[in-house]
1. Can you tell me which residue in segment 292-340 is farthest from the chain's Cα centre (by Cα), limited to those that are among the basic types (Lys, Arg), part of a strand (DSSP E or B) and closer than 18 Å to LYS281 by Cβ?
2. Right, GLY57: part of a loop (DSSP other than H, G, I, E, B) and under 26 Å from HIS6 (Cβ atoms) or not?
3. Hey, can you tell me all the residues within segment 3-43 that are more than 15 Å from ligand 1 (Cβ to nearest atom), buried (at least 20 other Cβ atoms within 10 Å of the Cβ) and under 30 Å from ILE140 (Cβ atoms)?
4. Can you tell me which residue is farthest from ligand 1 (Cβ to nearest atom) among those in segment 66-107 that are open to solvent by 30 Å² or more (accessible area, probe 1.4 Å) and hydroxyl-bearing (Ser, Thr, Tyr)?
5. Among the residues of segment 44-57, write down those that are modelled with pLDDT of 95 or more and either open to solvent by 20 Å² or more (accessible area, probe 1.4 Å) or of a type outside the set (S, T, N, Q) (or both).
6. Name every residue in segment 116-133 that is buried (at least 21 other Cβ atoms within 10 Å of the Cβ) and either part of a loop (DSSP other than H, G, I, E, B) or not hydrophobic (A, V, I, L, M, F, W, C) (or both), in order of residue number.
7. How many of the residues making up segment 237-273 are of a type in the set (D, E, K, R) and either at pLDDT below 90 or outside any helix (DSSP H, G or I) (or both)?
8. Output the number of residues of segment 43-53 satisfying the condition of being within 14 Å of ligand 2 (Cβ to nearest atom) and not small (Gly, Ala, Ser).
Amino acid sequence: MRRILHLDMDAFFAAVEEKLNPALGGMPVIIGARDPRSRGVVSTASYAARRYGVHSGMPLKTAFQLCPLGIFLPVNYDAYIRESRAFKKILHSISPQVEEAGIDEAYIDISEMPEEATQLGRRIKESIRQELALTCSIGIAPNKLLAKIASDFQKPDGLTIVSAVEVPNFLAPLSVRKLIGVGPKSEARLKKMGIATVEQLREVPIETLVEAFGFSYGEYLYAISRGIDDRPLITHWEPKSISRETTFQRDVGDWQIIARTLAELTKEVVQELKEQQQRAKTVTLKIRFADFTTITRAKTLEMPLDEEEPLRKAAFACLKRVELRQRVRLLGVRVGNFATHEGTDTPAMMVPQN
Ligand code: TTP
Ligand code: MG
């Protein structure tokens, strides 16, 4: 079971200013410029300032009208970068599986960590509070999409844990805008269709979504409203991989078509592998069925290779391990676990298992 933690610092720029000047604590601090009548927009505002309706992206002049007694400060980027590095260092000390997603946010893959979610979340928040005197909000959920929504759920100083069984109920009442990839335009179009919440979006048949939004975005909305997101974390340490996947125009039950597609995808992946002068030791097959359940099967070879035939055989060995109990919507192949050509000294006699 995948467990992803997303952490986002609270009112980050404003919180750093409050840390540097404790006299500002609890006051309506607005970051953007020292002169609130100048042009430009609000970078962020402390939670005390947000009570007046001030928020990121708002013209400073509007913020000044809403909150004339606010403390307006210019952006002091160097200070924020320092604090950003410091909190990320704490995260890297907890796990090597960290994706730095922005100046004040990061994901950690905690699937392999034995610690219970609440405990781990509290421990990280406590470290950041004690070592940096800053607060953050954390979400823990089965994937990146859900973890990010969860970290935003009880801001500031929040900790929200969403287990796999809780996902449908957690998502149902939320506005569609909370979903990654749904901006103001899509929100407006959905509203015209009578769809405001994730629950309402889930009730729309996929055909209707594809008709209204086109094939790929329609499919995307269908998946995302069900909390499906298999994006991997992008970490420094993660070995690189190459992958290709394809979504069939119509779900496929014919084994011949599946086999032919798998061979084509593998061929493309191997071509890329050769271009990148890499050799891969692990082949992973991904299949998404008509009902959107998604499975992966992996096979690790005895040594890294860049030839088509053994890698295709490995992909087919994975396919053989899958019960094709439903039609297939999507097929994908990934090769990873790389060794560069210079890197490994491969004995010519070894034959890969298949
Ligand atoms: P956010 O995490 O979106 O906002 P925040 O940390 O200030 O508040 P919270 O997470 O508690 O809701 O963005 C992080 C920082 O990025 C923010 O402190 C300032 C900067 N930023 C801008 O400069 N302009 C913007 O429009 C946004 C959204 C953020
Ligand atoms: Mg933040």
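The values are calculated or read from the model by the stated rules, or taken from the named source; none is laboratory data. Bear in mind the structure is a predicted one, so any value in this text is a computation, not a measurement. Backbone-built Cβ (ideal geometry, glycine too); neighbour counts: all protein chains shown. Accessible surface is based on the protein model in full, side chains and every heavy atom, while ligands, DNA and RNA are left aside. Shrake-Rupley method; radii C 1.70, N 1.55, O 1.52, S 1.80 Å.
1. Per the stated criteria, the residue is LYS299.
2. Working: part of a loop (DSSP other than H, G, I, E, B): yes; under 26 Å from HIS6 (Cβ atoms): yes.
It is true that GLY57 is part of a loop (DSSP other than H, G, I, E, B) and under 26 Å from HIS6 (Cβ atoms).
3. Passing the criteria: ARG3, ILE4, LEU5.
4. Once the filter is applied, the top-ranked residue is SER93.
5. Taking segment 44-57 as the starting set, the residues that turn out to be modelled with pLDDT of 95 or more are 44-56.
Those that are modelled with pLDDT of 95 or more and either open to solvent by 20 Å² or more (accessible area, probe 1.4 Å) or of a type outside the set (S, T, N, Q) (or both): ALA45, TYR47, ALA48, ALA49, ARG50, ARG51, TYR52, GLY53, VAL54, HIS55, SER56.
6. Residue satisfying the conditions is GLY121 alone.
7. Within segment 237-273, residues that are of a type in the set (D, E, K, R) and either at pLDDT below 90 or outside any helix (DSSP H, G or I) (or both) number 8.
8. First, the residues of segment 43-53 that are within 14 Å of ligand 2 (Cβ to nearest atom): 43-47, 50.
Next, from what is left, pick out any that are not small (Gly, Ala, Ser): 44, 47, 50.
The number of residues fulfilling the criteria is 3.
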